[in-house]
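Read-outs throughout are calculated quantities, based only on the coordinates presented, and are distinct from any laboratory measurement. Everything numeric here is computed off the predicted structure, so don't read it as measured data. Cβ placement follows ideal geometry from the backbone for every residue including glycine, while neighbour counts extend to all protein chains displayed.
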Amino acid sequence: DAKTTQPPSMDCAEGRAANLPCNHSTISGNEYVYWYRQIHSQGPQYIIHGLKNNETNEMASLIITEDRKSSTLILPHATLRDTAVYYCIVSHSNDYKLSFGAGTTVTVRA
Amino acid sequence: KAGVTQTPRYLIKTRGQQVTLSCSPISGHRSVSWYQQTPGQGLQFLFEYFSETQRNKGNFPGRFSGRQFSNSRSEMNVSTLELGDSALYLCASKRTNTEAFFGQGTRLTVV
């Protein structure tokens, strides 16, 4: 029962920015938006999360719309190693269960 | 600091056998969750433990069980293995009000 909608796949050119959209129109006021990625057959890797302000770390930036109904994960300079399935998840910060949807399969091409 | 460690990484078992998987969380993390990932069903929540107590369980048969020790390490057990239990089993640990961190998983193949 994932509460997010993501495109099933997208391609990106190496060195260019990758912008991954996510819709979460039913997000509640105290739910965060989390992004994880999973490289083939490895465990999901935490990327970034946010509540309502835009966030940036060494891996990516997260842009959340003012109404919080959608967000965009930005990988500023995609590399081949960024090829993975990216999951957008909404959750309370003290939730122990993450509901994964199908995610977006991102393929970075040389 | 060390991440979440799962052992073994790969396992092959025969139908009808039972298996135990282990997860060592990040130091200081008291919550440990288990997930099953299959190509058809994706990532599905199995159960979560906190301070040696199971707080919730996903929609899996009773053949799937787990426990947590006083040092927060956790084990999950699957009895009477079926072919459909072949999957990547993932463990995640977290502190309260922080993000979850996953291990590399145990790839179980049932033949």
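Which count do you get for residues in the stretch A:21-35 that are of a type in the set (A, V, I, L, M) and within 13 Å of the chain's Cα centre (by Cα)? Reasoning before the result, please.
From the stretch A:21-35, those of a type in the set (A, V, I, L, M) are A:27, A:33; that's our starting set.
Restricting the remaining residues to those that are within 13 Å of the chain's Cα centre (by Cα) gives A:33.
Within the stretch A:21-35, residues that are of a type in the set (A, V, I, L, M) and within 13 Å of the chain's Cα centre (by Cα) number 1.
Restricting the search to the stretch A:98-110, which residues are buried (at least 17 other Cβ atoms within 10 Å of the Cβ) and farther than 20 Å from residue A:71 by Cα?
Residue satisfying the conditions is A:108 alone.
How about the stretch B:91-101: which of its residues are surrounded by fewer than 24 Cβ atoms within 10 Å (Cβ to Cβ) and either under 27 Å from residue B:17 (Cβ atoms) or free of Cβ contacts under 8 Å to residues at least 60 places away in the same chain (or both)?
Passing the criteria: B:97, B:98, B:99.
So which of A:110, A:84, A:13, A:18 ends up being over 10 Å from the mean Cα position of the chain (by Cα), under 26 Å from residue B:93 (Cβ atoms) and hydrophobic (A, V, I, L, M, F, W, C)?
Residue meeting the stated conditions: A:84.
Out of the strands (runs of 3 or more DSSP E) lying entirely within the stretch B:54-111, which hold 1 or more residues that are among the hydroxyl-bearing types (Ser, Thr, Tyr), more than 13 Å from the chain's Cα centre (by Cα) and more than 7 Å from chain A (Cβ to nearest Cβ)?
B:106-110
Only residues that are part of a strand (DSSP E or B), out of contact with any Gly (no Cβ under 9 Å at 6 or more places or on another chain) and either closer than 23 Å to residue B:15 by Cα or more than 10 Å from chain A (Cβ to nearest Cβ) (or both): list them for the stretch B:44-53, please.
B:53 - this is the single residue of the stretch B:44-53 that is part of a strand (DSSP E or B), out of contact with any Gly (no Cβ under 9 Å at 6 or more places or on another chain) and either closer than 23 Å to residue B:15 by Cα or more than 10 Å from chain A (Cβ to nearest Cβ) (or both).
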